[in-house]
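The values are calculated or read from the model by the stated rules, or taken from the named source; none is laboratory data. Being a predicted model, the structure only gives us computed values, none of them experimental. No Cβ is skipped: glycine too gets one built from the backbone with ideal geometry, and neighbour counts run over all protein chains shown. Keep in mind that these areas ignore ligands, DNA and RNA; they rest on the heavy atoms of the full protein, side chains included. Shrake-Rupley method; radii C 1.70, N 1.55, O 1.52, S 1.80 Å.
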Amino acid sequence: MKSHSWHQVNSASATVANGVNDRICHRSRVGNIIALVFIFLLTQSGCSTFKDIIETEQVKPWQRGTLARDDMQLNTDRMRQSVDDHIYFSKEASTGGSNVQGGGCGCN
Amino acid sequence: MSGTDISRALSFAALALVGVESTAEWEVDSSHLSYSESDDRVSVSKTLIDLTQRRDQTTLSVGLVNDTMSGASPTGAIRSSDSAVTYTGASGSAATESNYAKSHFDDQRRQVSLGVEHRHENDLVMNYGGAVSRESDFDSFGVNISAAKTTRHKAGTYLLGLAYTQDTIYRSDTGTTPEPLSNMQSRREYSEGERTSVEALLGYTHVLNRRTLAQMNMTVSRSQGYHTDPYKIISAADANDRILANFYEARPDSRLRTSLFGKLVHQRRDSKDSLHTSYRFYLDDWGVSSHTVGFRYRHVLSDRQYIEPAIRLYSQSDADFYQRKLQVDEGNNPVIPDEGIASADYRLDSLRSTTLGINYGFSPTPATRLRLRAEYLAQRFSTADFSSMSAVILQASFSISF
């Protein structure tokens, strides 16, 4: 039976959402603080790291030793990436971004 | 896909790998995952094995995955103990609506994947892949192809990728799907659901300097067919959360997804430590938009060991058709949305995820690598009755080259 507009649903749920959002805001602040700590630790070396990142140069073949290291690859662990793709596909509504691969699971 | 088909795929892959040249290199990589949610919710045990053979210009790989999943998952029904309806529970005893807030499951998934990489003379690398998987309520088949072309002077690499997936979805107990937005008490069964997806990726990786690499990807994906979860429920309840009836959910029959992804890898000048950071913006036509930030700092302990703290932050908006429950009118009749689409699946709610973890790597010999990972995932939901979820992720991987 369809008796009312779709919009009535959204206004009724807003009151419930407001009370919950306070908890979410507090806990998300914790996540933001942790992120800021990471950024602070990262910048312990000062501005030099940031300058090193944005500095551009034409890299000669004999200067590519660092870029060839395993820990300098865009994907350093395929097993971890594969597991992460599955976990977050199952637990969140977003997918993809870093690669394309056919196939999936019934977890979402 | 039957067990016989999987065996045939494995045999074909093994034959392809057996025809080796004396200069071929092999790598076997194996991994085991333990994923465990709090409050006796979902538990997953996953085993992955990759067998890779590298020749002069070609790399072949075969992958096997075995998942064992069990536990209880929120159905979308609200957790009210005040119900006007009584059902017979699974054990044969009478059960109230509140018992439908979670559904118990026990499932196993198996996947086989094949991959071929061919490196051409003109700095062009082609990748071809395919995967098939089967579980008790979901079959999937997918293929992908990608081309990576490195520019002159090797300053950058362009990437174009395409993937096609075909899925079949059905309830494990009946092999069917319920009529969308039908009352659970008088449900009508439909045949299994079919869905096809096409995804395209366009990317560019640039060498900024001898210690820094940056990547930018843009992806578009279009899926058509059955997107509903055949187990998910949405309750019709009044303002006091008294449940009048439970309905099966219904989702749109198409989805258009887009994302913009960026990644930066940098090794510090004064050490061998490296930073890995990424960001993704996602948007789809269901109204979901999200931001994902990832950051890992690899601290090299020695030539053979590293430790790597990691953090991932994620936030998403809710889907347009997501709602905690169906409203009822003055006559206690459920209000069905005009579009015939509604879902109370908590994963379509506005939510935030935070993952904190630590990775450890050790190479006992130059040809072997051990990787250990421990992470804690915490989620908070805006309106869903199950307002939070936490999980512990443990993964151990070992590879050997010969």
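Of note:
- Among B:361-371, B:317-327, A:56-66, B:157-167, the order from most to least packed when residues are scored by Cβ within 10 Å on average: B:317-327, B:157-167, B:361-371, A:56-66
- Along its three principal directions, the equivalent ellipsoid of the range B:248-402 from the Cα gyration tensor extends over semi-axes of 43, 16, 14 Å, largest first.
- The range B:352-402: C-alpha pair distances exceeding 18 Å, %: 49 percent
- Counting, for every residue in B:376-389, the Cβ atoms of other protein chains within 10 Å of its Cβ and taking the mean gives 3.
- Selection from B:49, B:248, B:35, by position along the positive dipole direction of chain B (Cβ): B:49
- Spatial offset of the range B:99-161 relative to the range B:339-402 amounts to 20 Å, using the alpha carbon center of each.
- Solvent exposure of the range B:249-402, expressed per residue, is 38 Å² of accessible area, with all protein chains present and a 1.4 angstrom probe.
- Basic side chains Lys and Arg get +1 at the Cβ, acidic Asp and Glu get -1 at the Cβ, and with that the dipole of the range B:123-198 about its Cα centre reaches some 540 debye.
- Across peptide B:346-356, the average count of Cβ atoms from other chains found within 10 Å of a residue's Cβ is 4.
- Rg/Rh, computed from the Cα trace of the range B:153-239 with Rh as the Kirkwood radius, has the value 1.29.
- For the range B:21-50 versus the range B:181-222, the gap between their alpha-carbon centres in whole angstrom: 22 Å
- For residues of B:335-341, the mean tally of beta carbons on other chains within 10 Å: 4
- FRET efficiency estimate (nearest 0.05) - Cβ-Cβ, residue B:374 to residue B:49, R0 22 angstrom: 0.55
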